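Data first, discussion second: the structure below is written as structure tokens.
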Amino acid sequence: MDDFWSGVGVDLHLEPDAADGRRVGLERALRDAVRDGRLAPGTRLPATRRLAAELGISRGTVKSAYDQLVAEGYLTARQGSGTRVAELPALREEAPGTAPHARAPRFDLRPGSPDVGAFPAAAWLRALRRAIATAPSLAYDYGDPRGRIELRTALSGYLGRARGVLAPPERIVITSGYVQGLALLTRVLDGASIAMEDPGLPFHREVVRRNGGTVLPVRVDERGVRPTELGEAAAVVVTPAHQYPTGVTLHPERRRALTDWARARGGSSSRTTTTASSATTASRWARCRAWPRARSSTWAPPPRPSAPHCGSAGWCCRRSWSTRSPTPSCTATTTPRPSGSWRSPS
């Protein structure tokens, strides 16, 4: 006599034990659910008639169980509002060792954290309603692992118009963010060494290591990353517009040196464009976008402001480059993305 209350808006698994009678078994199952916290205070229970029909018992049995739990203080019953779980003092006490909630800072200056208060919720909701109203049923399936063709087509136009990157839709891969894009790049290189700016975000280096890659730190000075220190790296990840945490812009001579390195060594260059969508950095980005067409890729999160838990996504624009890995690079765009998804630390 077990069932789920999914049909009445309460997802709770009940296993009434009828050994001592159906009423007693139902009482015990409900009492345990309240004590365990599976039924939170204020939760409205289904009507006696509906619960009786779902459990296959009489309505009188359910009503008697409700009345007993009301008398014990586990439930409350009020005319017109139904039967609800009561507020029990023991359930409101914090568990031993529970740390108190930290007070939110007045100003959040953590790197990589957008101003979520500026998120355009109204415009987002309008766009969401419009898209859902016209989306075909297949849009809710898994679909192409590279992302919906409609989104990749729109991004293709945006990249050429706003960022000077010419990329057809078939060379764009939608990811859950920059971190997943970096993980994909590492897996494509199949354990090869990846040069990364030093100083830089330690979390990004950990992403490379956890996906089988080897990190080669490359120093950064007032002109950006030093191409002379790339050594035997198979790829280099740079932030040409605004290097973190120094904020320097990659010098044109360094950019040309990276281009020559990629062509001569058969390596690949991957650049991130976190701030390139703002008007203040448009000119800097324009100076940093002439990269080798044969061996480069571009990774970026969506334009700010954006909420990390609402529309968090990234894109990867890849040229037709290959690596020293025996696995062709095109495989990464046609195989399912990894199930494990990392997010940047807050």
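Looking only at the stretch 51-80, filter to residues that are closer than 17 Å to Leu39 by Cα and small (Gly, Ala, Ser); which one of those is surrounded by the most Cβ atoms within 10 Å (Cβ to Cβ)?
The residue in question is Ala65.
Here are Gly181, Gly231, Gly191: which of them is closer than 30 Å to Ala257 by Cα, in contact with a Leu (Cβ under 8 Å, 6 or more places away or on another chain) and of a type in the set (Gly, Ala, Ser)?
On inspection, the qualifying residue turns out to be Gly231.
Among the residues of the stretch 234-242, is there at least one that is in contact with a His (Cβ under 8 Å, 6 or more places away or on another chain) and under 12 Å from Thr186 (Cα atoms)?
yes
So Asp115 clears everything in (1) at pLDDT below 80; (2) more than 22 Å from the chain's Cα centre (by Cα) except one condition, right? Which one?
(2)
Could we say that Asp144 is without any contact (Cβ under 8 Å) to a residue 12 or more places away in the chain and within 28 Å of Glu206 (Cβ to Cβ) here?
no
Condition check: at negative phi, buried (at least 21 other Cβ atoms within 10 Å of the Cβ) and not acidic (Asp, Glu). Does Val248 satisfy that? Reasoning before the result, please.
Working: at negative phi: yes; buried (at least 21 other Cβ atoms within 10 Å of the Cβ): no; not acidic (Asp, Glu): yes.
No; evaluated as a whole, the condition is false for this residue.
Could you go through the stretch 212-223 and let me know if any residue there is at pLDDT below 90, farther than 17 Å from Asp190 by Cβ, hydrophobic (A, V, I, L, M, F, W, C) and surrounded by 13 or more Cβ atoms within 10 Å (Cβ to Cβ).
There is no residue in the stretch 212-223 that is at pLDDT below 90, farther than 17 Å from Asp190 by Cβ, hydrophobic (A, V, I, L, M, F, W, C) and surrounded by 13 or more Cβ atoms within 10 Å (Cβ to Cβ).
Working only within the stretch 30-42, note down all residues that are in contact (Cβ under 8 Å) with a residue 40 or more places away in the chain and crowded, with 17+ Cβ neighbours inside 10 Å.
Hits for the stretch 30-42 are Leu30, Arg31, Val34, Leu39.
Looking at (1) in contact (Cβ under 8 Å) with a residue 12 or more places away in the chain; (2) under 24 Å from the mean Cα position of the chain (by Cα); (3) within 20 Å of Thr246 (Cα to Cα), which one does Gly212 not meet, given that it meets all the others?
Of the numbered conditions (1) in contact (Cβ under 8 Å) with a residue 12 or more places away in the chain; (2) under 24 Å from the mean Cα position of the chain (by Cα); (3) within 20 Å of Thr246 (Cα to Cα), the odd one out for Gly212 is (3).
Out of curiosity, is Gly21 surrounded by 17 or more Cβ atoms within 10 Å (Cβ to Cβ), small (Gly, Ala, Ser) and farther than 22 Å from Gln79 by Cβ? Talk me through it step by step, then tell me what you get.
On the way: surrounded by 17 or more Cβ atoms within 10 Å (Cβ to Cβ): no; small (Gly, Ala, Ser): yes; farther than 22 Å from Gln79 by Cβ: yes.
So Gly21 fails the test.
Pick out the one residue from Leu151, Leu159, Leu185 that is free of Cβ contacts under 8 Å to residues at least 40 places away in the same chain, of a type outside the set (Asp, Glu) and part of a helix (DSSP H, G or I). Show your work before the answer.
Numbers: Leu159 fails: free of Cβ contacts under 8 Å to residues at least 40 places away in the same chain; Leu185 fails: free of Cβ contacts under 8 Å to residues at least 40 places away in the same chain.
Checking each option against the conditions leaves just Leu151.
Identify, by number, the condition in (1) under 30 Å from Pro245 (Cα atoms); (2) out of contact with any Ser or Thr (no Cβ under 7 Å at 6 or more places or on another chain) that Ala135 doesn't meet.
It fails just one condition, (1).
Considering every residue within the stretch 66-89, establish whether at least one is out of contact with any Cys (no Cβ under 8 Å at 6 or more places or on another chain), part of a helix (DSSP H, G or I) and at pLDDT below 90.
Yes, because at least one residue in the stretch 66-89 is out of contact with any Cys (no Cβ under 8 Å at 6 or more places or on another chain), part of a helix (DSSP H, G or I) and at pLDDT below 90.
Just checking, does the stretch 231-240 include any residue being free of Cβ contacts under 8 Å to residues at least 60 places away in the same chain, part of a strand (DSSP E or B), surrounded by fewer than 21 Cβ atoms within 10 Å (Cβ to Cβ) and out of contact with any Gly (no Cβ under 7 Å at 6 or more places or on another chain)?
Filtering the stretch 231-240 down to residues free of Cβ contacts under 8 Å to residues at least 60 places away in the same chain leaves 231-233, 236-240.
From what is left, the residues that are part of a strand (DSSP E or B) are 236-238.
Next, from what is left, pick out any that are surrounded by fewer than 21 Cβ atoms within 10 Å (Cβ to Cβ): none.
No: the stretch 231-240 contains no residue that is free of Cβ contacts under 8 Å to residues at least 60 places away in the same chain, part of a strand (DSSP E or B), surrounded by fewer than 21 Cβ atoms within 10 Å (Cβ to Cβ) and out of contact with any Gly (no Cβ under 7 Å at 6 or more places or on another chain).
The values are calculated or read from the model by the stated rules, or taken from the named source; none is laboratory data. Computed from a prediction, not measured in an experiment: that's the story for all the values here. Heads up, the Cβs are rebuilt from the backbone with ideal geometry, glycines too, and the neighbour counts pull from every protein chain shown.
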